[in-house]
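Please treat every number below as a calculation from the coordinates, not as lab data. Bear in mind that the values here come from a model prediction, so they are computed numbers and not experimental data. All Cβ positions, even for glycine, are placed from backbone atoms using ideal geometry, and neighbour counts span all protein chains on display.
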Amino acid sequence: MFNRSTKIIARFSDFLTGEYARDYINQETPYDKQIEQAAALIREADYVLIGAGAGMSTAAGAEYGGKFFEEHFAEFQKLYGKGPYMQDMYSAGFYPFPDQESKWGYWSHQALLAGADLDVTPLHRTLLEALKGKKLFLLSTNADHQFEKAGLPAERIFQTQGSYNLIQCKRGCHPKTYNAVELFRQMERERKDGRIPSELVPKCPVCGGDMEMNLRVDNYFVEDDDWHAAEERFSRFLSECKDKKTVLLELGVGFNTPMIIRFPFEKLTREHENVSLVRLSRSKAMVPASLGERAVGINADMAQSITDIAARLHDTEKNNQ
Ligand SMILES: [Zn+2]
């Protein structure tokens, strides 16, 4: 085990909150003015805590359903029918696969497409480039590692809901996860009629039972040593930035799991005058009115708003040279 600091002020569990804002508004400021406000807040900040949800990966180009699914999952649609499960990568994960060979036949395919083999990083790179010189940390509910692929060091990332690269004991009998990317590749090569050979089915090395993706879908989700170490680094960053000029930059976080990023960001902003909130979302960028000018909520195509904010920050940098 790692050493826990005794000086930690904020803990992740204390950070989480389910408090719904009573005074949400969609700001009526014109788009260009909002972009300038967001850029100004970021410009003045020393610390930026990015909170990323599914909307960020989507804005960057990740696809989960529609034509993408038809194209990459035709084999499974043929086997299991198209509805109601085999529509997109989210619904398909809930299909009651008849056996472990079929389950992993499907999941290895999805895990690779949504994780190890997904590369939608240009937008992530644009953002990281624009935030150069800031003290950065990422809190993410995505399991796809896109910020890490774009160059953000792993020690600056807390991916709270798991990873498409990892598997764990289905019953969570021991607090460990296992990197399965190579195993997934082998499954992908050897899959026939949706099933993998029995000898490739992973078994728990402790209890001998079935394994599961390390994705938080129920209370059996395993938080391993790496998860706890990331939590600790996040808590330190939070303790440090709370009293400094800080921007909470929220990207594509809706209302699916608002207690992890959305509500805590609002609370932090409410409770700390030096903290401001920049919320980007295609349609869920409402902010509490009481936060006044310390909150900017931009309802727009995020690929556009991120690019525009980055350009504005870049201009300032040029003018200062
Ligand atoms: Zn086990």
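Among the listed pairs LYS78/LYS170; LYS33/LYS245; LYS149/LYS242; LYS134/LYS242; LYS132/LYS242, those whose Cα-Cα separation exceeds 26 Å are LYS78/LYS170; LYS149/LYS242. Computed extension length for SER290-TYR220: 21.4 nm, one decimal, from 0.36 nm per residue of separation with the Cα-Cα distance subtracted. Tally Lys/Arg at +1 and Asp/Glu at -1 over every other residue whose Cβ is under 9 Å from the Cβ of LYS245; what's the total? Its environment carries a net charge of -1.
Of all DSSP bridge pairs formed entirely within the chain, close to 30 percent run antiparallel.
Got the relative contact order for the chain handy, in percent, Cα pairs under 8 Å and 6 or more residues apart? It comes to 29 percent, rounded to a whole number.
The GluC sites (Glu not before Pro) of the stretch 255-309 that meet both conditions, a loop assignment by DSSP and at most 14 other Cβ atoms within 10 Å of the site Cβ, are GLU273. Using θ = phi - 60° in the Karplus curve 6.51 cos²θ - 1.76 cosθ + 1.60, the 3J(HN,Hα) couplings for the stretch 246-251 round to 10, 10, 8, 9, 9, 10 Hz; x is entered for Gly and Pro. The 3J(HN,Hα) values that the Karplus relation (6.51, -1.76, 1.60; θ = phi - 60°) gives for the stretch 79-86 are, in residue order, 6, 10, x, 7, x, x, 8, 7 Hz. Gly and Pro appear as x. Between GLU36 and ARG189, the FRET efficiency estimated from the beta carbon spacing at R0 = 56 angstrom works out to 0.60. Distance between the C-alpha centres of the stretch 29-95 and the stretch 196-269: 18 Å, rounded to the whole angstrom.
Other residues lying with their Cβ under 13 Å from the Cβ of ARG185 contribute a combined charge of -2, Lys and Arg counting +1, Asp and Glu -1.
When the chymotrypsin sites (Phe, Trp or Tyr not before Pro) in the stretch 237-321 are filtered for DSSP coil states and for at most 13 other beta-carbon atoms within 10 Å of their beta-carbon, the remaining sites are PHE255. Sites listed here are trypsin sites (Lys or Arg not before Pro) in the stretch 86-175 whose DSSP assignment is loop and whose Cβ has at most 12 other Cβ atoms within 10 Å: LYS132. Work through the residues other than VAL222 whose Cβ is under 15 Å from its Cβ and net out their charges, Lys, Arg +1 and Asp, Glu -1. After counting each charged neighbour, the total is -4. Name all residues of the stretch 283-302 having a backbone nitrogen under 13 Å from the label point set 7 Å from the Cα of ARG22 along its Cα→Cβ direction, giving them as ranges. Once the point is set 7 Å along Cα→Cβ of ARG22, 289-290 turn out to lie under 13 Å by backbone N, inside the stretch 283-302. In this simple spin-label approximation, PHE68 and VAL206 carry label points 7 Å from Cα along the Cα→Cβ vector, and these lie 3.4 nm apart.
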